[in-house]
Amino acid sequence: MYKIIAICGKSGAGKDSLMMATFARLEGKYLNPIISHTTRPKREKEIADRSYHFVSEDEFLTLIDENKMLETTSFNNWYYGTSIDSLSNDKINIGVFNPDGIMSLLEDDRIELEIYYITAKGKTRLIRQLNREEDPDVDEIIRRYDADEIQFQKMNNIKCNIMINETFGDYTAIVDSICEKVRQYAEMDQDK
C-alpha cells in the first residue's frame, strides 16, 4: 500500500514552500517527493523535473493511454497528473494535489491518504502570488484566483486536516504536524 501525504490549497496558500520545509526538517528521511507531470508552461523559478515534469500534451496523453498515471486532471486547457512510477512503496510519498487529484486518490484502494488542506486569506494569497515572480502575470493570477474559488468548493465534503497558513507560527505548526504524521507512518512501517 502506498502512503501519501497530500498537500492542497488555493494558489498562494504556501503548499510548495511547506513541502520543501518538511523535506528540510526531516532531511529527506522517510520521504519520497511526488513530482507531478504537467503540460503547462514552466513559471519563473520553477525547475524542470524538480517542480514538475514538464511534458507535451502528446507525451501526457501517451502516459494515460499506457495506464501509467495514478490520477490526472485538466485545468485551464493544461493537463496535470501523477504517474504511478513517481510513488515509492518503501517511503512516505508527499506531494501537492488539486481537489480533483485528491478525489482520485481517495478512490484508489492502493493508497493510504492523509490530506492537509492549507488555507490563507485572499489578501495574503494574492500578495504571495505577486511577490513570487519578478514580473508576475497579473491576469494569470486573477484567473487562478477565480478558478480556485470554484474548484476548491469540492474540499468542503472531504475529510482532511484544515491548516491556516497566515503567520510564521502557523507555517511552523503545519510543518510540525506534517513531520509528526511522517514519523507515525514510519513507526507503523517499522512495527510490521
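A compact table of results
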| quantity | calculated |
| --- | --- |
| For the chain, calculated [θ]222 nm from helices alone, where every DSSP H run of n ≥ 4 adds -39500 (n - 2.57) | -13000 deg cm²/dmol |
| Inter-part distance where the range 153-182 and the range 24-58 are each reduced to a Cα centre, Å | 21 |
| Signed unit charges on C-beta, dipole axis of the range 82-192, positive-most listed residue N161, V182, S88 | N161 |
| In the range 79-154, trypsin sites (Lys or Arg not before Pro) in a DSSP loop with at most 16 other beta-carbon atoms within 10 Å | R110, K121 |
| The chain, accessible area per residue, ligands and nucleic acids excluded (1.4 Å, Å²) | 55 |
| Cross-link partners of K91 among lysines (Cα-Cα below 16 Å; sequence separation of 8 or more within a chain) | K3, K29, K181, K192 |
| Taking the chain and dividing mean pair separation by its residue count, relative contact order in percent (alpha carbons under 8 Å, at least six apart) | 33 |
| Protection proxy ranking, peptides 173-179, 65-71, average beta carbon neighbours within 10 Å, highest first | 173-179, 65-71 |
| Under Karplus coefficients 6.51, -1.76 and 1.60, residue-wise ³J(HN,Hα) of the range 19-34 in Hz, glycine/proline x | 5, 5, 5, 5, 4, 5, 5, 8, 6, x, 4, 6, 9, 10, x, 8 |
| Calculated FRET value between A24 and A147, using beta carbons and R₀ = 35 Å, to 0.05 | 0.70 |
| Förster-model FRET efficiency, 22 Å R0, R40 and S177, C-beta, rounded to 0.05 | 0.15 |
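The values are calculated or read from the model by the stated rules, or taken from the named source; none is laboratory data. Every value quoted in this text rests on a predicted model; they were computed, and no experiment measured them. All Cβ positions, even for glycine, are placed from backbone atoms using ideal geometry, and neighbour counts span all protein chains on display. Accessible surface is based on the protein model in full, side chains and every heavy atom, while ligands, DNA and RNA are left aside. Shrake-Rupley method; radii C 1.70, N 1.55, O 1.52, S 1.80 Å.
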